[in-house]
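Below you'll find the structure, written out as structure tokens, and then a few comments.
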Amino acid sequence: MAVNIPGLTAVIAFYVIILATGIWAAWKSRKEEKACTGTRSEIAMVGGRNLKFIIGTLTTSATYIGGGYINGIAEMLYSPEGGLLWTQIPLGYAFGLICASLFFVKPMRSNNYLTMIDPFQEKYGKKAGSIMFIPALLGSLLWAGAILAALGSTMSVILDLRPSVCIILSTCVVVVYTLLGGLYSVAYTDVIQLIFMIICMWICVPFAMVNKATENIAYTALNEVYQTPWIGKVDLEHLGRWLDDLLFLTLGSIPWQEYFQRVFSMTSVSQAKMTSYCAAVFCIFLAIPSALVGAVAASTDWNKTSYGLPAPFERGESGMILPIVLQYLCPAYVSVIGIGAIAAAVMSSADSALLSSSSMFANNIYKNILRKKASDRELLWVIRVSVVVFGTVASGLAFCSNSVYGLWFVSGELVYAIVFPQLICVLFIPNMNAYGSVAGFLVGLVMRLLAGEPFLNIAAVIQYPWYKIINGNPIQLFPFKTLTMLMALAVTVAVSYLTRFLSFHNPLHEKRKAYDVNRSHNVTSTPQGEITSVSERVNNQISFTNSVSE
């Protein structure tokens, strides 16, 4: 099969438009530097906190609605083990944005933070607080890898190009315009990309639905024609897992630097809240075409298409069901339009992940720990180099992924189990300390790993109630993700208060405190205002040592 030259030409034209938009936004950011009191690095990270409402709404929506989102919805709805009732991503993300707006936007935006890690370093100290950078970074890079893998699979099916070529090309375009303009380039290209997504997806869906090989999806929703009904079902024994996934998607979608970077960039708290509410609506709206594609795939007799049998599910190609539908159920020119939708979705999220990771590293690791006296110019270059490095890592992860939905879930679970409970503690619970934070971090990580992960071939050491093996795959039916998050939260609070209690009731602490008071009295009673002889210092030290030993 030869390379689809018209399709390749259309994709290149789309990339040129995106790159041109990024360059224009970079020029705009240069103008903003003259009118803004912030430094160049701050403008790169948060756009001078001057992002307008419409731009903020569209860039927030585009960040959530990535390639993993639209591909993952189609994959999950098509899968016989899934269906519509198990496709909780749209509701979870919408609820998450609403919860974030109600509870998290005000304490984060009103303190003028630059990154999500700032409140941790402010409360625990720069070194202890930086530990949250690790799961946040891993989550962002895994997420970027998932959405780049979605683009690679799409282009390989429709354009007959190697996935690696598509991933590398897309990563290079994203890296270039992110380097040039920082948040402004990311935000304005997100606007173009979201518009492309909306138009292209809604153009493709009607053609797939009227294909002769496809049964009416209203009929197949509840009737087994070519596979199990695509509406899906939730058995009573699976209810705990269903609720666990919904809570995971809702609460786990909040503690992301990609989201808070938009919050920090808005002109006010009220505007940041409104952008979140509007983005929640977009999450529901743009899930509809992907869900329809999944329903069409489940209602298709693939033997009547050039794809043939066995079906995509039987070939293990459920993760590529969206591009397969575009290629085999739509006219050639329509499938090319579909590529534009996937590419737009991928780039709109990939650029956010790279800029967010780079901002956290530059501000919270390099500036606060490695080079405290780093100049603004140096910091700006650190952001740029980090974008290149993290882009390379994300594209490497994309080569290793065989399931968009699986890689997407792994990144989210890492953030849900570790970062979310820590964010709750640092924002809303007083008297937290670094000891509790580290303890909660370790408990969340260890408990999640011990529960097993089939996608990473990690066996379950802890088999919670109702543990089963279904179709050869081990399944935890107990809501263990939420339990892990709650355990990490409880340990963080308990250890923080325990260590605080011990520090104030330690006999050594009391003796040291009494010694300090006595020493202060002696110092102030000296005519010169200080201890004047070496012998006095030695005698005081001996006296303190003896009192402690007693």
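Numerical summary
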quantity: In degrees, nearest ten, helix 507-525 long axis to first principal axis of the chain (Cα); calculated: 50 degrees
quantity: Of Leu423, Val446, Val461, farthest towards positive along the dipole that unit charges on Lys, Arg, Asp, Glu beta carbons give region 370-475; calculated: Leu423
quantity: Cβ charges +1 (Lys, Arg) and -1 (Asp, Glu), total dipole of region 108-208, debye; calculated: 300 debye
quantity: Which of Ile324, Ile365, Ile383, Ile199 has the fewest Cβ neighbours within 10 Å, and the rest in rising order; calculated: Ile199, Ile365, Ile383, Ile324
quantity: Cα radius of gyration and Dmax for region 301-432 (Å); calculated: 21.2, 67
quantity: For region 171-236 versus region 283-354, the gap between their alpha-carbon centres in whole angstrom; calculated: 7 Å
quantity: Debye-sum result for region 19-170 in log10 I(q)/I(0), which assumes one identical scatterer on each alpha carbon, at q = 0.10, 0.14, 0.19 Å⁻¹; calculated: -0.54, -1.03, -1.39
quantity: Using alpha-carbon coordinates, inclination of helix 534-549 to the longest axis of the chain, degrees; calculated: 60 degrees
quantity: Shape of region 373-496, Cα gyration tensor, a/c cut at 1.5; calculated: oblate
quantity: Listed pairs Lys126/Lys372; Lys31/Lys273; Lys233/Lys481; Lys127/Lys372 exceeding 18 Å between Cα atoms; calculated: Lys31/Lys273; Lys233/Lys481
quantity: More than 34 Å apart - percent of Cα-Cα pairs taken over the chain; calculated: 43 percent
quantity: Quarter of Cα convex hull surface for region 124-213, i.e. mean projection, nm²; calculated: 8.9 nm²
quantity: For region 83-135: rounded, prolate or oblate by the Cα gyration tensor [a/c cutoff 1.5]; calculated: oblate
quantity: Region 41-116-region 362-399 distance, computed between alpha-carbon centres (Å); calculated: 23 Å
quantity: Within the chain: Cβ-based charge dipole about Cα centre, in debye rounded to nearest 20 (Lys, Arg +1; Asp, Glu -1); calculated: 1620 debye
quantity: Ranked Arg377, Arg40, criterion: other C-beta atoms within 10 Å, fewest first; calculated: Arg377, Arg40
quantity: Between 0 and 90°, nearest 10: helix 89-99 axis offset from the chain longest Cα axis; calculated: 30 degrees
quantity: Exposure proxy ranking, count of Cβ atoms within 10 Å, fewest first, for Glu314, Glu75; calculated: Glu314, Glu75
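Each value in this text was obtained by applying a stated rule to the coordinates, not by laboratory testing. Small disclaimer: the values here were computed from a predicted structure and weren't measured. Here the Cβ is made from the backbone with ideal geometry for all residues, glycine too, and neighbour counts use every protein chain on show.
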